[in-house]
Structures are given as structure tokens and as C-alpha cells.
Amino acid sequence: MTELSHAAGHARRLLLARAAVVAIFFISGAGLGVWAAHMPLLKGGLSLSDGDLGGVLLGMGLGAVGAMPLTGLLLHRFGAVGVTVAAALAFSVALALPPQAPDGRTLMLCALLLGALMGALDVAMNAQAAAIEKAYGRPIMSSVHAFFSIGGLFGAAGAGGLIALDAGAGLGMGICAAVLALVSAVAALRL
């Protein structure tokens, strides 16, 4: 009887860990959707040219590429759970920063930071998902990755709704950042 209850407890913990990593993938995609939906407001608010906006977007890519190899070192030292939680919370909170930028250069620095946190989160959450997949003993990665795309849709739709209500970039991205940080904190309890 105790062996059966032990197996049921293990299955429950595994299911909760899977749900938590799914939530992290959702957060990652949602954050990207929020960022993308607010690009026109950020561009217009700072009177950026198309070239300036290209530089901002380049900053995000450079941040991601730069952070990914370093995240491997962090994973080795602190483990996938700790790095995933830290990256998810930091990425969520950092979404509130771009509307505070007073000029294009500062917005590019915000994009660089967001990209670095997104890159770190990408590596860490995939390492965590791989560990959960190994514990499951069967492929689950495609279902987990689907929630990145679902998150992107929800993030863009939620941000679009706030924009339609004239929330402005500061309030809209701030609300989204707070919601995603809350979801990150709840997911952190089960990773």
C-alpha cells in the first residue's frame, strides 16, 4: 500500500513540475508578445526612425546571443530550477522597463537586457523541461514548447486589449509585467 501511495505522490509531483515548466514557457512567449505589441507605441513615443527601431531590435538579439552561453555556466553551478526561476522573474519584471526609456539609446539598453534575460530563460527552461521529460520517460518537449506559442498569442492579445483601452505603454507593459511576475512566482513553487 505504501509503495502505491509513493508512486502516486511521485506522479503528482511530476505532473505539477510539468505544469510549472509549461507556465514558464507560456510566460516566455507572453513576454515576447507583450514586447512586440508595444513596439509601435514605443517607437512613436520616442520618435524613433525605422533605423533606430532596427537598432533597438538588434539589441534584443545581441543580448540573447550573449547570455545563452553564460547561462550554461550558471546552470552547472546553480541548477536548472534556480536559474529558471531567477530568469523568469527577472524577465517578467524587466518588461516594465522599456516604456521608462527617455530616448532610443536607453530603449536599446532595455532591449539588450530583455534579450539577455530571454536568452537565459530560454536555455534554463529547456534544461528544466529536459529533466522533467527524462523523469517522465517519454517525449513531452513538443507539448511544452507549444505553450511558448500560446503564450505569445495571449501576451499579444492582452497587450493589444490594453492598447485599445488607451492604457499607454507604461501602464500596459507594467500590468503585463506584474501578471507575468505573479505567474512566475507561482510556477516557481512547483518546479
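On inspection, Leu62 fails the criterion of being open to solvent by 50 Å² or more (accessible area, probe 1.4 Å), in contact with a helix residue (DSSP H, G or I) (Cβ under 9 Å, 6 or more places away or on another chain) and closer than 18 Å to Leu89 by Cβ. Among the residues of the stretch 27-74, those identified as closer than 22 Å to Asp122 by Cβ and polar (S, T, N, Q) are Ser28, Thr71.
Determine, yes or no, whether Leu107 is of a type in the set (A, V, I, L, M) and within 24 Å of Met125 (Cα to Cα). Taking the combined requirement at face value, the residue does not satisfy it.
Restricting attention to the stretch 172-183, does a residue exist that is in contact with a Gly (Cβ under 6 Å, 6 or more places away or on another chain) and not hydrophobic (A, V, I, L, M, F, W, C)? Taking every residue of the stretch 172-183 in turn, none turns out to be in contact with a Gly (Cβ under 6 Å, 6 or more places away or on another chain) and not hydrophobic (A, V, I, L, M, F, W, C).
Pairs are defined by a Cβ separation below 7 Å, a sequence spacing of at least 6 or placement on different chains, a first member in the stretch 84-101 that is without any contact (Cβ under 8 Å) to a residue 60 or more places away in the chain, and a second member that is assigned to a helix (DSSP H, G or I) and open to solvent by less than 10 Å² (accessible area, probe 1.4 Å); the pairs so defined are Ala87/Leu121; Ala87/Ala124; Ala101/Leu107. What about Leu62, is it in a helix (DSSP H, G or I) and under 23 Å from Ile150 (Cβ atoms)? Here the answer is no, as Leu62 does not meet what is asked.
Here is a yes/no grid of residues against (1) in contact with a helix residue (DSSP H, G or I) (Cβ under 8 Å, 6 or more places away or on another chain); (2) among the acidic types (Asp, Glu); (3) under 28 Å from Leu182 (Cβ atoms):
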position	(1), (2), (3)
Asp50	no, yes, no
Leu53	yes, no, no
Leu75	yes, no, yes
Ala80	yes, no, yes
Ile132	yes, no, yes
Met141	yes, no, yes
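Scanning the stretch 1-53 for residues that are hydroxyl-bearing (Ser, Thr, Tyr) and modelled with pLDDT of 95 or more turns up Ser28, Ser47, Ser49.
Taking Leu89, is it in contact with an Asp or Glu (Cβ under 8 Å, 6 or more places away or on another chain), aliphatic (A, V, I, L, M), surrounded by 14 or more Cβ atoms within 10 Å (Cβ to Cβ) and on the phi < 0 side of the Ramachandran plot? Criteria not met by Leu89.
The values are calculated or read from the model by the stated rules, or taken from the named source; none is laboratory data. It should be emphasised that the depicted structure is a prediction, and the values quoted were computed from it without experimental measurement. Don't worry about glycine lacking a Cβ; one is built from the backbone with ideal geometry, like all the others, and counts go over all protein chains shown. Protein only, heavy atoms only, side chains kept; ligands, DNA and RNA dropped before computing areas. Shrake-Rupley method; radii C 1.70, N 1.55, O 1.52, S 1.80 Å.
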